[in-house]
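To start, the structure under review is shown below, and the notes come after it.
The values are calculated or read from the model by the stated rules, or taken from the named source; none is laboratory data. Here the structure is a predicted model, which means the values were calculated and not measured. With ideal geometry, Cβ positions are generated from the backbone for all residues, glycine too; neighbour counts draw on all protein chains shown.
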Amino acid sequence: MKFSLFILLAVFVFAPSLVFARETNFRPAFGDIRADSVAPERAVVTRDGGLNLYSAQGKLLSGFPVFLTDQVFVSSPMVVNLTGDGTKTIVAITRDSAGTHKLTAIDGQGLMIAEANISGSTYFDPVALKINSARDHILVTTEQGKVFEVTYENAILNIAEILDAAAPVAITADPAGSRFFLAFQKTNILKLYQKAGSAWNLQKTYTLKSPIIYPVLSDGSQRLYYISD
């Protein structure tokens, strides 16, 4: 599939960096998480490091807010089919007082079902892909350039390093299937990876006209959008 690239124009008061205002700006996630409320529910990470879940009518649901001992939520949440049984789970990155980043999974009742340590510090939000299975696989990148794939099996989150980009990268899942894009920050390089069997293979390298500063946006068609510096 051939992708077309489009620049999104944006005006910044401050020069973008990997540390600017990251842990105070999160996107909500929407999904049908609980049978006892009006869907779609909305998962929200709060400014004080907690996690809320609201009904479509704006009601805070029982079991929330969630505050974890010695941990705060530090990424936008996702609503995913992590377990493969059709039950939706909230997944987000957390950080403890020692600076360890973790991928943490919370069920619709506000209970932690699993977590896994991430080797390195994260900046960009994780993404989810369905890879030839009913359950979602989670992909996480670190500021050190590592890319991890996380899967759930027997109440455990299994985390495996799938590649080392050797530089900070922002990741975007392709809604069309088992592919993802890596945007190399403050460079003109964008790479597309495809899964074949158990391996992730580089399919194409794009050289853009200007550096990328945020993850590209894929709308599920053959178009990609990005913000330049």
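General observations
- Scope region 143-161; condition touching a residue at least 40 places away in the same chain (Cβ under 8 Å), surrounded by 14 or more Cβ atoms within 10 Å (Cβ to Cβ) and part of a loop (DSSP other than H, G, I, E, B); matching residues: 143
- Restricting 94, 87, 83 to those that are assigned to a loop (DSSP other than H, G, I, E, B), among the β-branched types (Val, Ile, Thr) and under 18 Å from the mean Cα position of the chain (by Cα) reduces the list to 83.
- Extreme residue, surrounded by the most Cβ atoms within 10 Å (Cβ to Cβ), among residues of region 46-58 that are among the polar types (S, T, N, Q) and in a loop (DSSP other than H, G, I, E, B): 55
- Within region 193-220, the residues that satisfy the criterion of being part of a strand (DSSP E or B) and loosely packed, with under 15 Cβ neighbours inside 10 Å are 196, 199, 201, 202, 203, 204, 205, 207, 217.
- Criterion: under 24 Å from residue 31 (Cβ atoms), of a type outside the set (Phe, Trp, Tyr) and over 15 Å from the mean Cα position of the chain (by Cα) - qualifying residue of 116, 134, 170: 134
- Among all positions in region 128-142, there is at least one residue which is free of Cβ contacts under 8 Å to residues at least 40 places away in the same chain, closer than 17 Å to residue 199 by Cα and assigned to a strand (DSSP E or B).
- Residue in region 167-186 that is farther than 23 Å from residue 81 by Cβ, among the basic types (Lys, Arg) and not in a loop (DSSP other than H, G, I, E, B) present: no
- Out of 78, 112, one residue alone is within 15 Å of residue 54 (Cα to Cα) and not polar (S, T, N, Q). It is 78.
This table checks each residue for (1) surrounded by 17 or more Cβ atoms within 10 Å (Cβ to Cβ); (2) modelled with pLDDT of 95 or more.
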| site | (1), (2) |
| --- | --- |
| 60 | no, yes |
| 63 | no, yes |
| 67 | no, yes |
| 71 | yes, yes |
| 78 | yes, yes |
| 81 | yes, no |
| 87 | no, no |
| 90 | yes, yes |
| 93 | yes, yes |
